[in-house]
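Chemist: Provided herewith is a single structure, encoded as structure tokens, for subsequent inquiry.
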Amino acid sequence: METLIMVGQLLLGLSILVGLHELGHLLTAKLFGMRVEKFSIGFPPKIAGFQWGETEYSIGAIPLGGFVKISGMVDESMDTAQMASEPQPWEFRSKPAWQRLIVMLGGIIVNVITGIVIFVVLVWNNGETYFSRDQVIQNGIVAYEYGESIGLKTGDKILDINGEPYNSINDLTSGSALLSENGYYTVDRNGEILQIEIPRGFINTFNSEESFNKFVAIRFPFEVGAVDKGSGAEQAGIEAGDRILAVNNMPVTYFDQMQSALQTLKNQSAQIVRQRESGMDTLTIPVTEEARIGIAVSPLIEPVRRDYGFGEALSKGTSRAFGVVIVNARALGKMFTGEVSAKNVSGPIGMAKIYGASWDWIKFWSITGLISMILAFMNLLPIPALDGGHVMFLLYEMVSGRAPSDKFLENAQKVGMVILLALMVFAIGNDILKLFS
């Protein structure tokens, strides 16, 4: 069932984005009087469709893209017979270069608008919930495996990133932080101010959603939230709302301190100092092999909740949408220098895993907005067979006054399709390797 949910979210998200992208091409083509022969979400073989006017609308069996076939255009259909005939007024090739340019940009523009709208609505509807810089400085962090590997320690108070204050603990693992040149965190460690370098290529560590949980988290004071039935804690009289002040004479303020103390007492008994309204007492509680005493905890700090008006959401959502493009452009550039590993490139399996095994509409739309902006960026790359390749040749035509020959465009399209196929195989190969790593 979890796999079905992941696949279902991926197919829905891609269908929406591909449909809107191709709709951008279709509407701009029809706006300039071009004949659109086919509109398809998914690649052949066709599993359903209908004819409306001059255009056949269909759904393909391979849901990893889509296409619009415009008369008189060199595209993935490689319809060379049509291109050999005399140009007709309704054909793509008969229209002015500026009109053809708008048609080729139509899908990218729609993806950008879609991404912006999604992020704006999410910010407007849901606001933001996060642990703030002030809370991090007040409580410090818990440094996990990846945090410790670069020199962070539990209890550190992170003051800034690259000399600049940050807003949320999530900013510590943002693309702009991890991709920065000579990046560093400024840390207050027991009153000593230190700079912790962000190593070159450290972003490669964060190649899955689970990896972010191995970096840092905010420290938090806590109380008992719930007690497991039949556990040692229940038998000893622990109740929801109790505070734990010490474990085996080790003072406990934060949850991670209790966890650390219990780790040294597996399969032993712990002396727990418990506080409640009636006072303090000491309880003897057995510790399991998993270093648990049978309680769930409730943090005693609340994340910051911020709501936005529409104007603020418009600015914030737009900034967030274009931030995705900037980070991906920087990551692509660093991939060519070797700083960012090409192993981070994901295909459909990786994308499905990002959506996750539970259906959460806020997460669904957040990821769909993210993918929409990435699709716009990737489609603008000057690779033949992508929209950006067509844009590159059209700009050459507009500047030089000479259009590339149909034969050249056909060969360029073939080269581009080989490149895209190779990239797809590489991405899917990465997905498969990650499954078994």
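Chemist: Report, ordered by the first and then the second residue, all pairs with beta carbons closer than 7 Å, sequence separation of six or more or different chains, a first member in the range 89-113 that is within 12 Å of Asp387 (Cα to Cα), and a second member that is open to solvent by 50 Å² or more (accessible area, probe 1.4 Å).
Modeler: Qualifying pairs under 7 Å: Gly106/Leu27; Ile108/Leu380.
Chemist: Another question about this same structure. Since Leu26 meets every condition but one in (1) at pLDDT 95 or above; (2) within 23 Å of Leu381 (Cα to Cα); (3) open to solvent by 20 Å² or more (accessible area, probe 1.4 Å), which condition does it not meet?
Modeler: All conditions pass for Leu26, except number (3).
Chemist: Ok, one more. Among the residues of the range 406-430, write down those that are open to solvent by 40 Å² or more (accessible area, probe 1.4 Å) and within 24 Å of Leu394 (Cα to Cα).
Modeler: Asp406, Lys407, Phe408, Leu409, Asn411, Lys414, Val415, Met417, Val418, Ile419, Leu420, Leu421 - these are the residues of the range 406-430 that are open to solvent by 40 Å² or more (accessible area, probe 1.4 Å) and within 24 Å of Leu394 (Cα to Cα).
Chemist: May I ask you to list pairs of residues, at least six apart or on different chains, whose Cβ atoms are under 9 Å apart, with the first in the range 185-202 being farther than 15 Å from Gly175 by Cα and the second being part of a loop (DSSP other than H, G, I, E, B) and of a type in the set (Val, Ile, Thr)?
Modeler: Between residues of the range 185-202 that are farther than 15 Å from Gly175 by Cα and residues that are part of a loop (DSSP other than H, G, I, E, B) and of a type in the set (Val, Ile, Thr), the close pairs are Ile196/Ile150; Glu197/Ile150.
Chemist: Go through the range 55-69 and give me each residue that's open to solvent by 40 Å² or more (accessible area, probe 1.4 Å), in contact with a helix residue (DSSP H, G or I) (Cβ under 9 Å, 6 or more places away or on another chain) and either aliphatic (A, V, I, L, M) or not in a strand (DSSP E or B) (or both).
Modeler: Answer for the range 55-69, where residues must be open to solvent by 40 Å² or more (accessible area, probe 1.4 Å), in contact with a helix residue (DSSP H, G or I) (Cβ under 9 Å, 6 or more places away or on another chain) and either aliphatic (A, V, I, L, M) or not in a strand (DSSP E or B) (or both): Ile59, Leu64.
Chemist: Does Asn170 satisfy being surrounded by fewer than 16 Cβ atoms within 10 Å (Cβ to Cβ) and under 20 Å from Ser211 (Cα atoms)?
Modeler: The answer is yes for Asn170.
Chemist: Exactly one of (1) open to solvent by 20 Å² or more (accessible area, probe 1.4 Å); (2) over 22 Å from Met104 (Cβ atoms) is unmet by Ile41. Its number?
Modeler: In the conditions (1) open to solvent by 20 Å² or more (accessible area, probe 1.4 Å); (2) over 22 Å from Met104 (Cβ atoms), Ile41 misses (2) alone.
Chemist: Right, next: Taking the residues in the range 245-259 that are open to solvent by less than 60 Å² (accessible area, probe 1.4 Å), out of contact with any Leu (no Cβ under 9 Å at 6 or more places or on another chain) and not small (Gly, Ala, Ser) as candidates, determine which candidate is farthest from Asp281 (Cα to Cα).
Modeler: Out of the qualifying residues, it is Asp256.
Chemist: Report every pair of residues separated by at least 6 positions or lying on different chains whose Cβ atoms are under 6 Å apart, first residue within the range 383-405 and open to solvent by 60 Å² or more (accessible area, probe 1.4 Å), second assigned to a helix (DSSP H, G or I).
Modeler: Within 6 Å, the pairs are Met398/Ala97; Ala403/Glu397.
Chemist: In addition: What tally of residues in the range 85-144 results from selecting those that are among the small types (Gly, Ala, Ser), assigned to a helix (DSSP H, G or I) and open to solvent by 30 Å² or more (accessible area, probe 1.4 Å)? If you could, list the steps in order and put the result at the bottom.
Modeler: Keep residues of the range 85-144 that are among the small types (Gly, Ala, Ser), which gives 85, 94, 97, 106-107, 115, 127, 132, 140, 143.
Next, from what is left, pick out any that are assigned to a helix (DSSP H, G or I): 94, 97, 106-107, 115.
Next cut, open to solvent by 30 Å² or more (accessible area, probe 1.4 Å) only: 94.
Summing the residues that are among the small types (Gly, Ala, Ser), assigned to a helix (DSSP H, G or I) and open to solvent by 30 Å² or more (accessible area, probe 1.4 Å) in the range 85-144 gives 1.
Chemist: Same structure again: Quick check, is Gln268 open to solvent by 80 Å² or more (accessible area, probe 1.4 Å), under 40 Å from the mean Cα position of the chain (by Cα) and of a type outside the set (Asp, Glu)? Can you show your working first?
Modeler: On the way: open to solvent by 80 Å² or more (accessible area, probe 1.4 Å): yes; under 40 Å from the mean Cα position of the chain (by Cα): no; of a type outside the set (Asp, Glu): yes.
Here the answer is no, as Gln268 does not meet what is asked.
Chemist: Quickly run through the range 223-244 and pick out the residues that are more than 20 Å from Gln257 (Cβ to Cβ), open to solvent by less than 60 Å² (accessible area, probe 1.4 Å) and over 40 Å from the mean Cα position of the chain (by Cα).
Modeler: Gly230, Gly237
Rundown of residues vs (1) in contact (Cβ under 8 Å) with a residue 60 or more places away in the chain; (2) open to solvent by 60 Å² or more (accessible area, probe 1.4 Å); (3) hydrophobic (A, V, I, L, M, F, W, C); (4) within 25 Å of Glu22 (Cβ to Cβ), yes/no style:
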site	(1), (2), (3), (4)
Gly350	yes, no, no, yes
Asp360	no, yes, no, no
Ser372	yes, no, no, yes
Ile432	yes, yes, yes, no
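The values are calculated or read from the model by the stated rules, or taken from the named source; none is laboratory data. Predicted model only: the values in this text are computed from it and were never measured. Note that each Cβ is placed from the backbone with ideal geometry, even for glycine, and that neighbours are counted across all protein chains shown. Heads up: the accessible areas ignore ligands, DNA and RNA and are worked out on the full protein's heavy atoms, side chains in. Shrake-Rupley method; radii C 1.70, N 1.55, O 1.52, S 1.80 Å.
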